[in-house]
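The values are calculated or read from the model by the stated rules, or taken from the named source; none is laboratory data. A quick note: this is a predicted structure, and the numbers were derived from the prediction, not measured. Quick reminder, even Gly has a Cβ in these numbers, built from the backbone with ideal geometry, and neighbours come from all protein chains shown.
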Amino acid sequence: MISKPTNQQLIEAVCAELTGKVAPNISDAGTKVVLEMALSVLSCAAVRTAKELAWMKEETDAIEAVARRFAEEMPEAGALSSALAAYDAGRTGSLYLDAAQADYELVSEVLSCATDAAFASGDTARIGAVEELLQQRMANENAVTGTFLAVGR
Amino acid sequence: MTDTAEHISRLEAFFQRRSDDPDSLKVVDFEVITGGYSRAMSKVFVEDSSGRRGYIIRADPPPGQAIIDTDRATEWSVLSTLYASGQVPMPVPRWFDPTGEELGSPAIVIDLVDGEAMISLTRKVADEDHPEWGRRLAEVMATVHMTDMAVLPPELEVPGSWDEYIDARIQYWEDSERAHIDRDPIMRYVAAWLRANRPPPVPLGLVHGDLQIANVLIDRDDTCLVIDWELTHVGDPREDIGWSLLAGVTQPPDLIRCDEESFYARYRELTGFTEEQVNPAVMDFFLLLASPTVYVSVIEQLAALARGETTGIAVAYMSPAVIGMHDVFMRAIAHHKSITGGAA
């Protein structure tokens, strides 16, 4: 396979062409909105294609560490233990995107259950720990979109 | 005949059937309105022997093209009932094609307002004028929220109690996440946070559901008219303020946060709500509580795209929108903590 230019570079080249040559020639307001939406989606896809596998792995490692500690400290948190067990049984560690996404879904459920357990415990340190994990997730999401402003409104 | 020509022909026949002089009626101008993400909106001008008139058509878009599916019959009932009550200034709702037999898809026809949306108007004024506009927005919201519940149509279900309603709204966050095709820990975090930060109640009342400055028109008499009632329900009126706060981030200007105290003071004065019931921290709660109505519809549409059931660009575009909303949710919680000291 060819690896250069990267997918990100290819998508960005398409975006540049659409922005520089197609957009100025569109007079219909509805079509302009469609193009702006398409450019926004393509820009996000460019960032994701370059980084999402690494981001999912980094988030997974961080979630695992917190969740396993919570499971030890709060054996009464049955949903968390079950989610961790499902993650351990189902994860593939594969780098194929479909499989990596499936792993990420399993660990995301672990994070949700860890969040529920933290709030149920009322422990501010535990709530803070899950909030840090969510902030990590948000930092990655925000790197995809930048500031979101609704097109056409 | 092109799709547009065919549509104009349908419109002409529709308006001819409602004209006193049908033979003289012509559609003289037609324009698709951009910016709406749910209904297919268009502006049409007709002319007959009695003169020229403008109308707005709110129609169901083709399947898979809308980010929110709502019911035109319920919307029509809300529009016609509220308009007849005279309690909320709004454009005149004229006609309803419930089946799409005449207009191609179920559609509502309302009078075109000779005026401008508050969003475009306030984008043209100086920043220092925004607080005054914010107080006008507070007046609009108070007018909607003080509507007598007795005039509401039977389609709007009244919850058993405030607690029952709030519990159901929070549970909706959690249940929707569990039903979604993708895991979304931020939704579960929001649900857990809402359960831990319940504010003092207010009486249940009319909630517009999408009361933001894009949906307030200022006519030539300087009257504020409220449009887009498709998400109207009975609930906690503060939801509208919360939703408007979210809209203010993605569709500036933010006429509330430009001078929060002035906005809330005016709103409290008109509604009689207390400072404990209406303040910036409480509104962070309602930003989150109000959001799933649109947010869940959006992720359901994205799920349809993931299953290959739609390819609509407006739907694909909701992927970055979801990220934008996540960011607003997290900021609202951080804002609440900065005011309350982080009590969970």
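List of remarks:
- Within region B:230-256, the residues that satisfy the criterion of being crowded, with 19+ Cβ neighbours inside 10 Å, within 24 Å of B:Gly160 (Cβ to Cβ) and touching a Gly at 6+ places or on another chain (Cβ under 9 Å) are B:Leu231, B:Thr232, B:His233, B:Gly235, B:Asp236, B:Pro237, B:Glu239, B:Asp240, B:Trp243.
- Residues that are among the acidic types (Asp, Glu) and in a strand (DSSP E or B), drawn from region B:86-123: B:Asp97, B:Asp111, B:Glu116
- Any hit, region A:90-112, residues being more than 24 Å from B:Ala306 (Cα to Cα) and not in a loop (DSSP other than H, G, I, E, B): no
- Search result, residues across region B:176-216 that are away from every other protein chain (no Cβ under 13 Å), surrounded by fewer than 22 Cβ atoms within 10 Å (Cβ to Cβ) and more than 17 Å from B:Arg238 (Cβ to Cβ): B:Ala179
- Checked against the criteria, B:Ser77 counts as out of contact with any strand residue (DSSP E or B) (no Cβ under 7 Å at 6 or more places or on another chain), of a type outside the set (A, V, I, L, M, F, W, C), modelled with pLDDT of 90 or more and buried (at least 18 other Cβ atoms within 10 Å of the Cβ).
- A count restricted to region B:205-220 and to residues that are within 23 Å of B:Pro153 (Cβ to Cβ) and part of a strand (DSSP E or B) stands at 5.
- Flag for A:Val14 being in contact with a Pro (Cβ under 8 Å, 6 or more places away or on another chain) and of a type in the set (A, V, I, L, M): no
- Per the conditions (1) at the interface with chain B (Cβ under 8 Å from one of its Cβ atoms); (2) under 14 Å from the mean Cα position of the chain (by Cα), the sole criterion not satisfied by A:Phe119 is (2).
- Scanning region B:301-310 for residues that are within 12 Å of chain A (Cβ to nearest Cβ) and either of a type in the set (Asp, Glu) or more than 15 Å from B:Ser176 (Cβ to Cβ) (or both) gives B:Leu305, B:Ala306.
- The single condition among (1) outside any helix (DSSP H, G or I); (2) surrounded by fewer than 19 Cβ atoms within 10 Å (Cβ to Cβ); (3) not charged (D, E, K, R) that A:Val151 does not meet is (2).
- Residues satisfying the stated conditions in region B:293-344, i.e. farther than 24 Å from A:Val47 by Cβ, of a type in the set (Asp, Glu) and not in a loop (DSSP other than H, G, I, E, B): B:Glu300
- Within region B:285-306, no residue that is over 10 Å from B:Ile181 (Cβ atoms) and in the same structural domain as B:Thr70 (by TED's automatic domain parsing) sits with its Cβ atom under 8 Å from a residue that is modelled with pLDDT of 95 or more and buried (at least 21 other Cβ atoms within 10 Å of the Cβ) at 6+ positions apart or across chains.
- Subset of region A:94-105 (residues that are touching a Leu at 6+ places or on another chain (Cβ under 8 Å) and surrounded by 15 or more Cβ atoms within 10 Å (Cβ to Cβ)): A:Ala100
- Members of region A:12-43 that are free of Cβ contacts under 8 Å to residues at least 12 places away in the same chain, of a type in the set (Gly, Ala, Ser) and more than 8 Å from chain B (Cβ to nearest Cβ): A:Ala13, A:Ala16, A:Gly20, A:Ser27
- Tally of residues being buried (at least 20 other Cβ atoms within 10 Å of the Cβ) and either among the β-branched types (Val, Ile, Thr) or at pLDDT below 95 (or both) across region A:109-124: 2
- Some residue of region B:311-319 being more than 11 Å from chain A (Cβ to nearest Cβ) and modelled with pLDDT under 95: yes
- Failed criterion for B:Val226 (all others in (1) surrounded by fewer than 17 Cβ atoms within 10 Å (Cβ to Cβ); (2) more than 14 Å from chain A (Cβ to nearest Cβ) hold): (1)
Here is a yes/no grid of residues against (1) among the hydrophobic types (A, V, I, L, M, F, W, C); (2) more than 9 Å from every other protein chain (Cβ to nearest Cβ); (3) loosely packed, with under 13 Cβ neighbours inside 10 Å; (4) under 30 Å from B:Ile313 (Cβ atoms):
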{"site": "A:Val66", "(1), (2), (3), (4)": "yes, yes, no, no"}
{"site": "A:Ala79", "(1), (2), (3), (4)": "yes, yes, no, no"}
{"site": "A:Thr92", "(1), (2), (3), (4)": "no, yes, yes, no"}
{"site": "A:Val107", "(1), (2), (3), (4)": "yes, no, no, no"}
{"site": "A:Arg126", "(1), (2), (3), (4)": "no, yes, no, no"}
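- Complete set of residues in region A:120-140 that are of a type outside the set (D, E, K, R) and outside any helix (DSSP H, G or I): A:Gly122
- B:Asp284 vs. criteria modelled with pLDDT of 95 or more and closer than 23 Å to B:Ser120 by Cα: no
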